[in-house]
Amino acid sequence: MDKDGQIQVKYQKPPQEILELVDVSLAPMIRIDTKAENMILIYRDPYKSIQELSEKEFRLGGLRINPKTNISSRAVYYKNLSVQKTEDGKERKVTGLPGTPRLSNFTLSPDDLKMAFNHTTEKGVELWILNIKEAKAFKITSDSLNANLGSPYVWCKDSQSLLIKCIPEDKQALIEIENVVPLGPTISENIDGKKAQNRTYQDLLRNPNDEINFEHLVRSEIYRVNLKGEKELWKEAAMYKGVSFSPDGEYIMVAEIKRPFSYLVPYSRFPFTLSIYTQSGQKVKDILEVPLLEDLPKGFMAVRKGPRNISWRSDKPSTLYWAEALDEGDPSQEVLFRDEVFEQAVPFSEKKKSLLKTKDRFYGMDWGHDELAIAVDYWWNNRNTRAYLINPSESKIEPKVIYDRNYQDVYNDPGDFIKQKNEYGRYVLSIKDNTSLFMRGAGHSEKGKKPFIDLFNFSDFSKERIWQANTASRLEVIAAILDIHSGKIITRIEAPDEYPNYYFRNINQVEKDPIPLTHFKNPFQSMEGVHKEIIQYKRKDNLELSGTLYLPKNYNQKNQERLPLILWAYPKEFKDKSSAGQITKDPNEFIYPYYGSPIYWVTRGYAVLDDASFPIVGENEQEPNDTFIDQLVGNAEAAINAVYELGYIDKERVAVGGHSYGAFMTANLLSHSNLFAAGIARSGAYNRTLTPFGFQSEERNYWEAPSIYNTMSPFMHSEKMKTPLLLIHGEADNNSGTYPMQSERYFNALKGLGATVRLVMLPKESHGYAAKESILHILWEQDRWLEKYVKNKEKK
C-alpha cells in the first residue's frame, strides 16, 4: 500500500477491551424539587449518530442552527423520563411521551409541581409539560417554537402559563448561499483608526446573505400559552435575545438584538436593547441601548462602558441592579475603584442608587435582605477575588471585606454562601438567627477532597465547622442543599469501583448513616480491580506536582514488570508556585472512562498517568508564557521520572497526548524533548501567529511579544519533529483558535520535512466529538498508533 497521500478508510471500531467500555448505558441526569419530595430521572444515549450530525446546518453569528427544526444543530437530546419519590425509592416511567423522544431544555415550574421541556420533531420544536405527581407528560404547542437562541420558553409566576418564542407567521424562505450568484465583493474597513483586537472567532457572518438568514432564523413572536395550549400574542416579531420575569412576576425584561451586525464578532456582541414590560405586554421603559461591540480596550478584564449585567434583585419584588465601569472599561487605567454597582426599582419613579464600589471587576451578588448582601469582585491578572459584606439600604456604611484571596488557592478556599428559595421562588442567602450565614466548600487538601459546611458569623467573621465529609475510602460531595436550617442535604458518594449514587443526609444527625436515593450500577465492570493512586513528585525547581496513576488489574507491583506509559495532561497557568502545586484530584473518585480519556488503555496493558500536573508559572512581573517551553519539558520529565522510579514503566516506551491546549502541549513536547516514543494531539492549534490577539491565558498580542508566539508555536519548529505524531481534528471545529486549518497546515509542514505523522479529519465533528462512529474510530486510531509506536516500539 502506498503510504503517502490520502487513505480512504471507513469508520472502524477499537479492540473489544475498549469497545465494551464505550458501548454502555449512562445513568440518568437528576432533577430534584425544592422540598426533595420527587426526583426526576432524565435518560439519554451517550452519543449522537453521524447521520444526526449530517443534518442541514447553518453557521451564523457564532451559532450553529438546524434550519429545518429551529434549534441548535448540536443540541444534546434526552430519550426518556422517570419520576421517583425520594421517600420510597420507587421509579415510575413517565407516560404520554412522544414516540421517538428528542427532549431538551428542562425547567421546573415555580410551584415545583410540573416540569416543562421541549421535544424536537422532524419539523420543529414543541413544548411539553410533565405532571410530576402523576408522572404523565402532555404536549401544549405544535412544533413551531424558535429555539435557535436557546430555550424558547420561560415559566410565568402563576405556574399555569408560559411565555414562548414562536416562528413568525411572516418568516421568509432562507437563502441557500451555495446557490446564489454574488452581486459584488464583501468589503470590511477601518477608516477611523479604532483598534479592534478580537480573538479568532468562528462561524461568523460573512456577507449580506448571511445577515438576512441570521435575522430570519432568530426572529420570533412571543406568545403567552396556558397548560391547555391556548395562546395569545404577547409581543410582535423581533430578534428576541432573552426574556426575564421580575421576582414578583409583575414585570418582564426583554432583550432584543438590533442591527448593524458584524463580521468580526459573534451575535453576543451585536447591538441590543433592554426594555421593561408589564405582564400584559405594555412597555414601561427602554432601559438600555448597547451599540455594536467590535472594539474593546486590550486585556481580559476589558468591558464595555455603561450599565452591564443588568439583573433582578432576588430579594425584592421588582428591583434591577447592574455594574458600571469606573475605568472606562480599560484595565490599563490606574484607578482606585474599577466598578460601581447600582440599583433602581421599577417603575423607575426614583433615581438610581449606588450600592458600592469594587476594587476590581464586579463579578456578582448574593442577596439576603434589605440590610444584607454579599458582593464579589475579581481580577484575572493577579488571580485575585474579594467578597464584600454590604448593607444595600445604606451605602454610606463602608463595605466590609470578608476575604481577599487568590482564587487559584484551592486549599484555602472558604467556599460559597448557601442560598434558599424565598417567597418569590428566588434564591437568597440562608441566614441563621440574623447573625450567621452558611457556607459550603469543596475541602481540597493534599489528601483529597473533604467537602464541608461552615457557619459564618457576619458580625465578627468567625467560623464554625458544622459538618465535613468523613467517609473512609469513598468520596462524598454535596449535590444539593434541601433545608440547611434543619440539616437536610443530598450528597453523592463514590469510590474507584463504586458508581456514584445519591444519598439523603441530615448533618444534624451525624450518628445516622446516609439514606440511599439511587442505586445505579457500575456499567464499567471490566475496570474493577484496576489500581488507582494519586502520586506526588517534584519538578527540578522543587515545584510540587501530582497525577493520577492507573495500573492494569492483576498487575504485580512487586514483580516490577516494566509497562508502556501514556501521559495525558492539559497545561494551566498560575501566578504563584504555592497554588500551582496544590492537588485538586481525589484518589476515591470513580474510575470513569470516556472518549477523551486515556484510561481505556489500562485494559490493553499500559500504565496511565492521567491529569498530570502541568503548571506554567509566572510570578510577579513575569508572565507564565515567558518560560513556557522550559516549564513544559520540566513537568513531563518529572512525571516520567516519578513513575519510572516506582518501578512500573519502561522509559523508552512513553506516549504523550492531549486535547485542544493539551494537543498544543503534545506537539511542543515532541518538538523540544526526546522523552517520548509517540504523541497523540487532538483538535489543537499549532501556529500562534494565526491567533495574533491572544490565546488561552496570553493577553499580549503578536506584535508585542513576537518571540513568545514564535517560540511557543510547534509549527515554527516543525524541523525538530523526530517522533511519530497522530493528529486528529474535527472538520467543523468551532472553538476559537483551533480551526481545522491548524492541523492541516501543521501536517503539511511535518510531511514536507519528513516526519512520521498521520492526520485524521473527522467529518461533521466540532471541537468535542459527538458521533458514536467518530468516537469509536478515534479510539481505533489511537490504539493502532500506541500499539505500533509505543508498546511494540523497535528497540534501538
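Within segment 570-581, restricting attention to residues that are open to solvent by 10 Å² or more (accessible area, probe 1.4 Å) and small (Gly, Ala, Ser), which residue is nearest to Ile680 (Cα to Cα)? Among those that are open to solvent by 10 Å² or more (accessible area, probe 1.4 Å) and small (Gly, Ala, Ser), it is Gly581.
Residue check: Asp170 meets all listed conditions (1) in contact with a Leu (Cβ under 9 Å, 6 or more places away or on another chain); (2) modelled with pLDDT under 95 but one, namely (1).
The residues of segment 151-183 that are small (Gly, Ala, Ser) and in contact (Cβ under 8 Å) with a residue 60 or more places away in the chain amount to a single one, Ser161. For segment 107-127, filtered to residues that are of a type outside the set (Val, Ile, Thr) and farther than 26 Å from Pro247 by Cβ, the residue that is surrounded by the most Cβ atoms within 10 Å (Cβ to Cβ) is His119. Filtered by the rule that a residue be more than 29 Å from the chain's Cα centre (by Cα), β-branched (Val, Ile, Thr) and assigned to a helix (DSSP H, G or I), segment 687-735 gives a lone residue, Thr711.
Going through segment 447-474 one residue at a time, which ones are more than 24 Å from Leu389 (Cβ to Cβ) and either at pLDDT below 95 or over 23 Å from the mean Cα position of the chain (by Cα) (or both)? Across segment 447-474, the qualifying residues are Lys447, Gly448, Lys450, Gln468, Ala469, Asn470, Thr471, Ala472, Ser473, Arg474. Tyr595 passes every criterion in (1) out of contact with any Phe, Trp or Tyr (no Cβ under 8 Å at 6 or more places or on another chain); (2) assigned to a loop (DSSP other than H, G, I, E, B); (3) open to solvent by 10 Å² or more (accessible area, probe 1.4 Å) apart from (1).
When Tyr411, Tyr424, Tyr403 are checked against the criterion of being touching a residue at least 12 places away in the same chain (Cβ under 8 Å), among the aromatic types (Phe, Trp, Tyr) and assigned to a strand (DSSP E or B), Tyr403 stands alone in meeting it. On the stretch given as segment 323-363, residues that are surrounded by fewer than 20 Cβ atoms within 10 Å (Cβ to Cβ), assigned to a loop (DSSP other than H, G, I, E, B) and not aromatic (Phe, Trp, Tyr) total 14.
Report yes if Ile164 is outside any loop (DSSP other than H, G, I, E, B) and more than 19 Å from Pro98 (Cα to Cα), otherwise no. So Ile164 passes the test.
Scanning segment 215-250 for residues that are within 20 Å of Asp111 (Cβ to Cβ) and buried (at least 20 other Cβ atoms within 10 Å of the Cβ) gives Val225, Val243, Phe245, Ser246, Pro247.
Quick check on my filter: what residues within segment 34-49 are modelled with pLDDT of 90 or more and open to solvent by less than 30 Å² (accessible area, probe 1.4 Å)?
Asn38, Met39, Ile40, Leu41, Ile42 - these are the residues of segment 34-49 that are modelled with pLDDT of 90 or more and open to solvent by less than 30 Å² (accessible area, probe 1.4 Å).
Just so you know, in segment 684-721 the residues that are more than 18 Å from Gly658 (Cβ to Cβ) and among the basic types (Lys, Arg) include one that is modelled with the lowest pLDDT, and it is Arg700. Would you mind stating whether Arg758 is assigned to a helix (DSSP H, G or I) and open to solvent by 10 Å² or more (accessible area, probe 1.4 Å)? Judged against the criteria, Arg758 is not a match.
One residue alone among Thr584, Thr627, Thr603 is open to solvent by 10 Å² or more (accessible area, probe 1.4 Å), within 18 Å of Leu21 (Cα to Cα) and among the hydroxyl-bearing types (Ser, Thr, Tyr), and that residue is Thr603. Scanning segment 525-542 for residues being touching a residue at least 60 places away in the same chain (Cβ under 8 Å) and surrounded by fewer than 20 Cβ atoms within 10 Å (Cβ to Cβ) gives a total of 8. Only one entry in Glu169, Glu178, Glu189 is under 30 Å from Asn207 (Cβ atoms), out of contact with any Ser or Thr (no Cβ under 8 Å at 6 or more places or on another chain) and not in a loop (DSSP other than H, G, I, E, B), namely Glu178.
The values are calculated or read from the model by the stated rules, or taken from the named source; none is laboratory data. Quick caveat: nothing in here was measured; it's all calculated off a predicted structure. Cβ coordinates were reconstructed from backbone atoms using ideal geometry, including for glycine residues, and neighbour counts include every protein chain displayed. Please note that ligands, DNA and RNA were not included when accessible areas were found on the heavy atoms of the full protein model with its side chains. Shrake-Rupley method; radii C 1.70, N 1.55, O 1.52, S 1.80 Å.
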